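Quick notes on the structure that follows.
The values are calculated or read from the model by the stated rules, or taken from the named source; none is laboratory data. These numbers come from a predicted model, not from an experiment. Cβ placement follows ideal geometry from the backbone for every residue including glycine, while neighbour counts extend to all protein chains displayed. Surface areas here come from the heavy atoms of the whole protein model, side chains and all, with no ligands, DNA or RNA. Shrake-Rupley method; radii C 1.70, N 1.55, O 1.52, S 1.80 Å.
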Amino acid sequence: HAAQNRDLDADIESSYAALLSYFDYLGEIDLVKVEPTVKALERAVAHEPRNALLAGALAGMNLAQHSRDHKPEAVQRARQAVRQALAVEPNNPQASTILVAIQLVSGSLDAARAALERLVPIVWHHPTLLFLAGVCYSVLGDRERCLELTRRSMRLNPNHPGYRYLFVAIEEYRCDNLEEALNAAEHLRSPGWGWAPAIRAAARYNRLRRV
């Protein structure tokens, strides 16, 4: 029994470590962390196949692999992990969000829009996933909905990652709301993001042309 308890404790510790690695990745979007996080989550899901949170996180990281390496098999692995999560918990927020992203990547735009409408009430109080839902609306060309959800996600978590201002700035600029775009871009303090100075310059230039 003591040995079984030690194994169980090790499995739980492994699962927590994998999830911490996943949420750490979400906070920074550091592509270097993709591979080790995927491996950690694969081990955790193997130990806990009916844990929807772990399976949903694994699906998200599989999709991150696809974004980085453009490998179709990563999308298939993400789809499989999403099915596993939703079979256990049909309204799992993480898996439901990744399902929309998979449909977008696969070009199933009508299915993605329908899934988004189902998703928003599920993640309405979850700042990170609500932000991702807003990004998905941006991909579908619904800028107003993107801005609504992105701004709400920022209100829900005032200590949000600063890159969210970038999405606000871009969508406000696309809507020709130059003052709002410039204001959002001025809040962005991420030197590694080349879009920030570009948006600021474009908004200032177009504002001067109106004078």
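The residue that is least open to solvent (accessible area, probe 1.4 Å), among those in the stretch 49-88 that are charged (D, E, K, R) and outside any helix (DSSP H, G or I), is Lys71. Inside the stretch 102-127, residues that are within 16 Å of the chain's Cα centre (by Cα) and of a type in the set (Gly, Ala, Ser) make up a count of 2.
Here's the yes/no breakdown for (1) at pLDDT 90 or above; (2) within 17 Å of the chain's Cα centre (by Cα):
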site: Ile12; (1), (2): no, no
site: Leu41; (1), (2): no, yes
site: Gln76; (1), (2): yes, no
site: Arg83; (1), (2): yes, no
site: Thr97; (1), (2): yes, yes
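Among the residues of the stretch 168-179, are any without any contact (Cβ under 8 Å) to a residue 40 or more places away in the chain, open to solvent by 10 Å² or more (accessible area, probe 1.4 Å) and within 15 Å of the chain's Cα centre (by Cα)? No.
Within the stretch 61-75, residues that are of a type in the set (Val, Ile, Thr) reach partners that are at pLDDT 85 or above and not in a helix (DSSP H, G or I) with beta carbons closer than 9 Å, at six or more positions or on different chains, in the pairs Val75/Ser106.
Scan the stretch 133-167 residue by residue and report those that are of a type in the set (A, V, I, L, M) and either in contact with a Gly (Cβ under 8 Å, 6 or more places away or on another chain) or open to solvent by 50 Å² or more (accessible area, probe 1.4 Å) (or both). Those that are of a type in the set (A, V, I, L, M) and either in contact with a Gly (Cβ under 8 Å, 6 or more places away or on another chain) or open to solvent by 50 Å² or more (accessible area, probe 1.4 Å) (or both): Val139, Leu147, Leu149, Leu156. Of all the numbered requirements in (1) over 17 Å from Ala52 (Cα atoms); (2) surrounded by fewer than 19 Cβ atoms within 10 Å (Cβ to Cβ), Asn91 misses one, and that requirement is (1).
Scan (1) assigned to a helix (DSSP H, G or I); (2) touching a helix residue (DSSP H, G or I) at 6+ places or on another chain (Cβ under 6 Å); (3) at pLDDT 80 or above; (4) surrounded by fewer than 20 Cβ atoms within 10 Å (Cβ to Cβ) for the single condition Ala114 breaks and write down its number. Exception for Ala114: condition (2).
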